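Here's the structure we're looking at; comments come further down.
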Amino acid sequence: MDSAVKIKQNLDTNFLKLIAIVSMTIDHVSKVFFPDNMALAILGRIAFPLFAYCLVVGCLYTRDIKKYILRLALFALISQPFYLMAFHPNWGTFWYEFSHLNLNIFFTLLAGVLVVSALMDIKRRWWMIIVALAGEIFIGFDYGLYGLGLMAIFYICRKNSWLSALLSLAWMLFNGMRGDFLYIGSFGLDLQFFAILALPLIYIHTHFNPRINKYFFYAFYPAHFLLIFILRMIFHV
């Protein structure tokens, strides 16, 4: 691994991933058990920008980008049935959602790593962007073009923190300023607006550096869906 700094934002990625999985768990638990709780829904918006940013860092520092892509693809496939079980415990609905490709977030991250990998070597890998965009157009990913655009901003502006912060904030506001989640007077905000809460964690350097095996984060994703499914069965939710 090249020891040179390849990105000037926060490199305390294990800490960021811990925050992200806590936020993600809050988001998924709130959707299933507390769908009307606005505070929990807002806290859940922190997760995706952190995952998107950590993916860019992973692309920059991985020893083998191909293995990184394969690992994401593998866990996307492993997680899919658990994802559907958590949110669609009725088997009829489960198979309907499965056949209609209601995909988990690993597929979004997989498309994102294709975009970032292409940007790292655009002359040879430009076709990866076409594949990612085609996947979004014809299949559809959670967070869609917003998610892919955010990851592209994090990569392109990796050496200029001020520009990265400004563009990522603008991109989040553009995608979250119009909605009906929360009204301030007559002005409505989309739930996605509150993703801006993740930005301080990305641009303020922390040094907690918890030592956690990388596979913990991969395994946690399907595991927490399984737990939600079990709780739904126990409490008949």
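Going through segment 190-235, which chymotrypsin sites (Phe, Trp or Tyr not before Pro) have at most 13 other Cβ atoms within 10 Å and a DSSP loop state? Can you show the working numbers first?
Details: sites: PHE193, PHE194, TYR203, PHE208, TYR215, PHE216, PHE217, TYR218, PHE220, PHE225, PHE229, PHE235; in loops: PHE208.
Sparse-neighbourhood loop chymotrypsin sites (Phe, Trp or Tyr not before Pro): PHE208.
Over the chain, with every protein chain in place, what whole percent of the accessible area is carbon and sulfur at 1.4 Å, could you tell me?
Values: 8660 of 12570 Å².
The nonpolar share, carbon plus sulfur, comes to 69 percent.
What does the helix-only formula give at 222 nm for the chain: each DSSP H stretch with n ≥ 4 adding -39500 (n - 2.57), the total divided by the residues, and the result rounded to the nearest 500 deg cm²/dmol? Display every interim value, and only then the final one.
Numbers: 11 runs with 163 residues, N = 237.
That calculation yields -22500 deg cm²/dmol at 222 nm.
On the full set of protein chains, 1.4 Å probe, figure out the accessible area of PHE106 and give it in Å² to the nearest 10.
20
Residues in segment 9-49, backbone N under 18 Å from the label point at TYR183 (7 Å along the Cα-to-beta-carbon vector): list them, ranges by number please.
38
Could you give the accessible area per residue of segment 10-79, probe 1.4 Å, as a whole number in Å²?
Working: 2900 Å² over 70 residues.
On a per-residue basis, segment 10-79 sits at 41 Å².
Nearest 0.05, what FRET efficiency do MET38 and ARG63 give at R0 = 45 Å with Cβ-Cβ as r? Please report the intermediate quantities before stating the final value.
Working: r = 43 Å, r/R0 = 0.95.
Computed FRET efficiency for MET38 and ARG63: 0.60.
From the gyration tensor of the Cα coordinates in segment 134-192, what semi-axes in whole Å does the equivalent ellipsoid have, largest first, with each one equal to sqrt(5λ)? Each step should come with its number before you reach the end.
Values: eigenvalues 110, 74, 6 Å².
Working from the Cα gyration tensor, I get semi-axes of 23, 19, 6 Å.
May I ask you to rank TRP126, TRP171 by accessible area, largest first, using a 1.4 Å probe over the protein chains only? Before the final figure, lay out the partial values.
Working: TRP126 145, TRP171 70 Å².
Per-residue accessible area, sorted high to low, gives TRP126, TRP171.
As a test of reading the structure, rank LYS66, LYS123, LYS17 by solvent-accessible area (1.4 Å probe, protein chains only), most first.
Per-residue accessible area, sorted high to low, gives LYS123, LYS66, LYS17.
Starting from the Cα of ILE139, step 7 Å along the direction of its Cβ; do the same at VAL5; then give the gap between the two resulting points in nm.
3.7
Checking understanding here: applying a Kyte-Doolittle mean of at least 0.0 and a length along the axis of at least 27 Å (C-alpha), which whole DSSP H helices in the chain pass? Display every interim value, and only then the final one.
On the way: long enough: 13-33 (29 Å, 1.05); 65-87 (32 Å, 1.19); 214-235 (33 Å, 1.37).
Span-like helices here: 13-33, 65-87, 214-235.
Taking only protein heavy atoms into account and a 1.4 Å probe, give the accessible area per residue of segment 157-237 in Å².
Numbers: 5270 Å² over 81 residues.
The answer is 65 Å² per residue.
Mind checking the dipole of the chain: about its Cα centre, +1 per Lys or Arg Cβ, -1 per Asp or Glu Cβ, Debye to the nearest 20?
Details: 18 positive and 11 negative charges, 179 e Å.
That gives the chain a dipole magnitude of about 860 debye.
Over the chain, what is the mean sequence separation of C-alpha contacts under 8 Å (at least six apart), divided by residue count, expressed as relative contact order in percent? Don't jump to the answer; show the numbers that get you there.
On the way: 296 pairs, mean separation 70.7, N = 237.
For the chain, the relative contact order is 30 percent.
Solvent-accessible area of ILE130, probe 1.4 Å, all protein chains present, reported in Å² to the nearest ten, please.
100
Can you compute the FRET efficiency between TRP126 and ARG211 using 1/(1 + (r/R0)^6), with r the Cβ-Cβ distance and R0 = 41 Å? Round to the nearest 0.05. Don't skip to the answer; put the middle values down first.
Values: r = 38 Å, r/R0 = 0.92.
It comes out at approximately 0.65.
For a quick check of understanding: with a 1.4 angstrom probe and all protein chains in place, what accessible area in square angstrom does MET233 have, to the nearest ten?
In the full protein context, MET233 sits at about 90 Å².
How high is the relative contact order of segment 7-98, in percent, with contacts defined as C-alpha pairs under 8 Å that are six or more residues apart?
Taking the mean separation of contacting Cα pairs over the length of segment 7-98, I get 24 percent.
When a/c reaches 1.5 or more, the comparison of a/b and b/c decides; with that in mind, is segment 105-237 rounded, prolate or oblate per its Cα gyration tensor? Before the final figure, lay out each step's value.
Details: a/c = 1.35, a/b = 1.13, b/c = 1.20.
Taking the square roots of the gyration eigenvalues as a ≥ b ≥ c, segment 105-237 is rounded.
Out of residues 5 or more away from GLY188 or on other chains, whose amide H comes under 5 Å of its own, with H placed 1.01 Å from N in the peptide plane?
GLY179
As a test of reading the structure, rank ASP27, ASP36 by solvent-accessible area (1.4 Å probe, protein chains only), most first. Kindly include the intermediate steps, with their values, before the conclusion.
Values: ASP27 10, ASP36 140 Å².
From most accessible down to least: ASP36, ASP27.
The values are calculated or read from the model by the stated rules, or taken from the named source; none is laboratory data. Everything numeric here is computed off the predicted structure, so don't read it as measured data. Neighbour counts run over all protein chains shown; Cβ positions are idealised from the backbone, glycine included. These accessible areas exclude ligands, DNA and RNA; they are computed on the full protein's heavy atoms, side chains included. Shrake-Rupley method; radii C 1.70, N 1.55, O 1.52, S 1.80 Å.
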